[in-house]
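Novice: Before anything else, here's the structure in question.
The values are calculated or read from the model by the stated rules, or taken from the named source; none is laboratory data. Quick caveat, the model's predicted, so the values are computed rather than measured. Methodologically, a virtual Cβ is constructed for each residue, glycine included, from the backbone with ideal geometry; neighbour enumeration extends over all protein chains shown.
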Amino acid sequence: MTPRKLSLDPPQDDFALITEALVDETVRQSRIAPRGRMIAPLHRSLTDPVHRMLNAIQPGSYVRPHRHIDPPKPEAWIVLRGRLLIVTFHDDGTVDRHLVLAAQSDRFGVDLVPGLYHTVAALASDTVIYEVKSGPYEAMTDKAFAPWAPEEGTAEAEAYLSKLLASCGQKSSIAAG
């Protein structure tokens, strides 16, 4: 079985320039990725103490609610293109709060403290965020997935995302921007 490509290659230069061409390529790859999203890392290594990346997300891409607790990691997002729904949850899975961020609006970024269950969903095609979180990345401990949320890639995940969007006042997981 061929592993799924989750990200573009990290930069090899000492200077990672964010260009329209890089954003466009990340978007193009997200459109064909099975998960409907693609990361363009700006950090050089998974062991870097701070991870910076572009994350292109298409509507309908399900990001299973999770939190970063081992070790605790803050996370921040700035929307460069499109619209993004951010949802935080109480430990029992009930929605704590939700907000919509949009590029070129008065609400375009957020900084999240460690330990909160959260998810994001693109509300417009080709949504791109600049994401920052603490490193290093350790696959086994990076995310603590919410036990009340379905696994990615399951039939239940699509239904869960649709229900979550509706509960947050959003019409559809496949709405175009």
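Novice: Kindly check whether there is at least one residue in the stretch 146-154 that is assigned to a strand (DSSP E or B), touching a strand residue (DSSP E or B) at 6+ places or on another chain (Cβ under 6 Å) and of a type outside the set (F, W, Y).
Specialist: No, every residue in the stretch 146-154 fails to be assigned to a strand (DSSP E or B), touching a strand residue (DSSP E or B) at 6+ places or on another chain (Cβ under 6 Å) and of a type outside the set (F, W, Y).
Novice: I need the strands (runs of 3 or more DSSP E) fully contained in the stretch 64-129, keeping only those with at least 1 residues that are of a type in the set (D, E, K, R) and in contact with a Leu (Cβ under 8 Å, 6 or more places away or on another chain).
Specialist: 75-81, 83-89, 95-102
Novice: Here's another thing I want to ask about it. Spot the failing condition for V120; the list is (1) buried (at least 18 other Cβ atoms within 10 Å of the Cβ); (2) over 17 Å from H68 (Cα atoms); (3) under 14 Å from the mean Cα position of the chain (by Cα), and only one is missed.
Specialist: Against the list (1) buried (at least 18 other Cβ atoms within 10 Å of the Cβ); (2) over 17 Å from H68 (Cα atoms); (3) under 14 Å from the mean Cα position of the chain (by Cα), V120 comes up short only on (2).
Novice: State whether one or more residues within the stretch 2-21 are surrounded by 13 or more Cβ atoms within 10 Å (Cβ to Cβ), at pLDDT 95 or above and not charged (D, E, K, R).
Specialist: no
Novice: With of a type in the set (D, E, K, R), surrounded by fewer than 19 Cβ atoms within 10 Å (Cβ to Cβ), out of contact with any Lys or Arg (no Cβ under 7 Å at 6 or more places or on another chain) and touching a residue at least 60 places away in the same chain (Cβ under 8 Å) as the only criterion, which of D91, D96, D70 stands out?
Specialist: Answer to the selection: D70.
Novice: Could you figure out which of (1) buried (at least 17 other Cβ atoms within 10 Å of the Cβ); (2) over 16 Å from the mean Cα position of the chain (by Cα); (3) free of Cβ contacts under 8 Å to residues at least 24 places away in the same chain isn't true of E156?
Specialist: If we test E156 against (1) buried (at least 17 other Cβ atoms within 10 Å of the Cβ); (2) over 16 Å from the mean Cα position of the chain (by Cα); (3) free of Cβ contacts under 8 Å to residues at least 24 places away in the same chain, just (1) comes out false.
This table checks each residue for (1) touching a helix residue (DSSP H, G or I) at 6+ places or on another chain (Cβ under 8 Å); (2) among the acidic types (D, E).
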{"residue": "L46", "(1), (2)": "no, no"}
{"residue": "M53", "(1), (2)": "no, no"}
{"residue": "P59", "(1), (2)": "no, no"}
{"residue": "I69", "(1), (2)": "no, no"}
{"residue": "L80", "(1), (2)": "yes, no"}
{"residue": "L84", "(1), (2)": "no, no"}
{"residue": "R97", "(1), (2)": "no, no"}
{"residue": "F108", "(1), (2)": "no, no"}
{"residue": "D111", "(1), (2)": "no, yes"}
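Novice: Does the stretch 74-88 hold any residues that are touching a residue at least 60 places away in the same chain (Cβ under 8 Å) and surrounded by fewer than 19 Cβ atoms within 10 Å (Cβ to Cβ), and which are they?
Specialist: P74
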